[in-house]
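Only one structure is covered here, and it is reproduced in the block below.
The values are calculated or read from the model by the stated rules, or taken from the named source; none is laboratory data. Because the structure is a prediction, the values reported are computed rather than measured. Don't worry about glycine lacking a Cβ; one is built from the backbone with ideal geometry, like all the others, and counts go over all protein chains shown. SASA here: full protein model, heavy atoms, side chains in, ligands and nucleic acids out. Shrake-Rupley method; radii C 1.70, N 1.55, O 1.52, S 1.80 Å.
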Amino acid sequence: MTKNKAIIFMLLCFTLIVSACGTKPAATTADKPATGGDAAATTPASKDSKLEQIKKAGKIVLGTSADYPPYEFHKEINKKDEIIGFDIEIAKEIAKDLGVTLEIKDMKYEGLLAALDSGNIDFILAGMTPTEERKKNVDFSKIYYTAIQRVAVRAEDKDKYKSIDDLKGKKVAGQKGATQEKIIKEQLPGSELKALGKISDLMLELKNKKVEALVVEQPVAEAYLSKNKDLVLADIKLSTEDSGSAIAVKKGSSDLVEAMNKTLDRLMSAKSIDKMVADANEQVDTQ
């Protein structure tokens, strides 16, 4: 090879090397940005809704506070402690319509909303009123039952406490975190609120003269008073505008609410809930 040819050959090789180094490799599918039609192919599948999660799990977890007869309460059946009540019967119907099993978690009433938010439970059936404050944090079904709010007193004091004014300066009890606590604050001015988590404890406070009166829903009062003849309902009138009960689910669970409302519509149209309330009252066995 002559000197000139060698130089030309070397320049040609150098040019090819530089060209190869400056060329980008063709982009693979993984390297391409997700644009247009590619976006659908690379975007992860959307997260399952709460209803879909429940159906995949094959069970739905109920949160309740089982000291509130006839809504939910403990009873020994065939030597085994069971949680029963008309809320529980409604929960069973919901599970049946969804095609899943029902798991029940019993806890303090004031802890129910936190348990729902954390995902420890899937829904709440506990005679809960869908107040505007609660609606900020959870979704509610339609109201499935409305009860009248009453004031329970000791039988010996029925003639002593006939009006709201008679309770001024007196200790009045209500369930902690429940509608009754709000009623006492708003409708019994001048009364001293005593709030406890369990209805059974509140009844004992009344029986033992630690409080003078107890604000409670009528069916709950009747369940306890039927076994405690030293307690009666006073003739005191309270406003009961916000006394309806609804099912609570985590915020954003619209499909679950829709499914539950279908079950409630079926039960209410057949008047099944009224029968559930009556049956639950017959089974109450308070101390």
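Residues of the stretch 179-197 that are in contact with a Leu (Cβ under 9 Å, 6 or more places away or on another chain) and part of a loop (DSSP other than H, G, I, E, B): 188, 190, 191.
Go through the residues of the stretch 99-113 one by one and say whether even a single one is within 20 Å of residue 56 (Cβ to Cβ) and touching a Gly at 6+ places or on another chain (Cβ under 6 Å). Yes: the stretch 99-113 contains one or more residues that are within 20 Å of residue 56 (Cβ to Cβ) and touching a Gly at 6+ places or on another chain (Cβ under 6 Å).
Hey, among 255, 235, 274, which residue is assigned to a helix (DSSP H, G or I), exposed (fewer than 15 other Cβ atoms within 10 Å of the Cβ), in contact (Cβ under 8 Å) with a residue 24 or more places away in the chain and of a type outside the set (Ser, Thr, Tyr)?
On the way: 235 fails: assigned to a helix (DSSP H, G or I); 274 fails: in contact (Cβ under 8 Å) with a residue 24 or more places away in the chain.
Unique residue meeting the criteria: 255.
If you go through the stretch 74-91 and keep only what is closer than 20 Å to residue 144 by Cα, out of contact with any strand residue (DSSP E or B) (no Cβ under 6 Å at 6 or more places or on another chain) and open to solvent by 10 Å² or more (accessible area, probe 1.4 Å), you end up with just 89. Residue 202 satisfies every condition listed in (1) open to solvent by less than 70 Å² (accessible area, probe 1.4 Å); (2) not in a helix (DSSP H, G or I) except (2).
Restricting attention to the stretch 39-52, report how many residues are modelled with pLDDT of 95 or more and of a type outside the set (D, E, K, R).
Initially, the stretch 39-52 is screened for residues modelled with pLDDT of 95 or more, giving 51-52.
In the following step, the residues that additionally are of a type outside the set (D, E, K, R) were identified as 51.
Counting residues in the stretch 39-52 that are modelled with pLDDT of 95 or more and of a type outside the set (D, E, K, R) gives 1.
Tell me, please, whether a residue that is open to solvent by 40 Å² or more (accessible area, probe 1.4 Å), over 20 Å from residue 222 (Cβ atoms) and modelled with pLDDT under 95 can be found in the stretch 145-154. No, there is no match, as no residue in the stretch 145-154 is open to solvent by 40 Å² or more (accessible area, probe 1.4 Å), over 20 Å from residue 222 (Cβ atoms) and modelled with pLDDT under 95. Is it the case that residue 97 is modelled with pLDDT of 95 or more, in a helix (DSSP H, G or I), surrounded by fewer than 18 Cβ atoms within 10 Å (Cβ to Cβ) and not aliphatic (A, V, I, L, M)? Here the answer is yes, as residue 97 does meet what is asked.
Whenever a residue of the stretch 38-65 is open to solvent by 70 Å² or more (accessible area, probe 1.4 Å), its partners that are modelled with pLDDT of 95 or more and among the hydrophobic types (A, V, I, L, M, F, W, C), lying with C-beta atoms within less than 6 angstrom and at least six residues away or across chains, give the pairs 59/100.
Among the residues of the stretch 164-178, just one is within 12 Å of residue 68 (Cβ to Cβ) and either hydroxyl-bearing (Ser, Thr, Tyr) or in a strand (DSSP E or B) (or both), namely 175.
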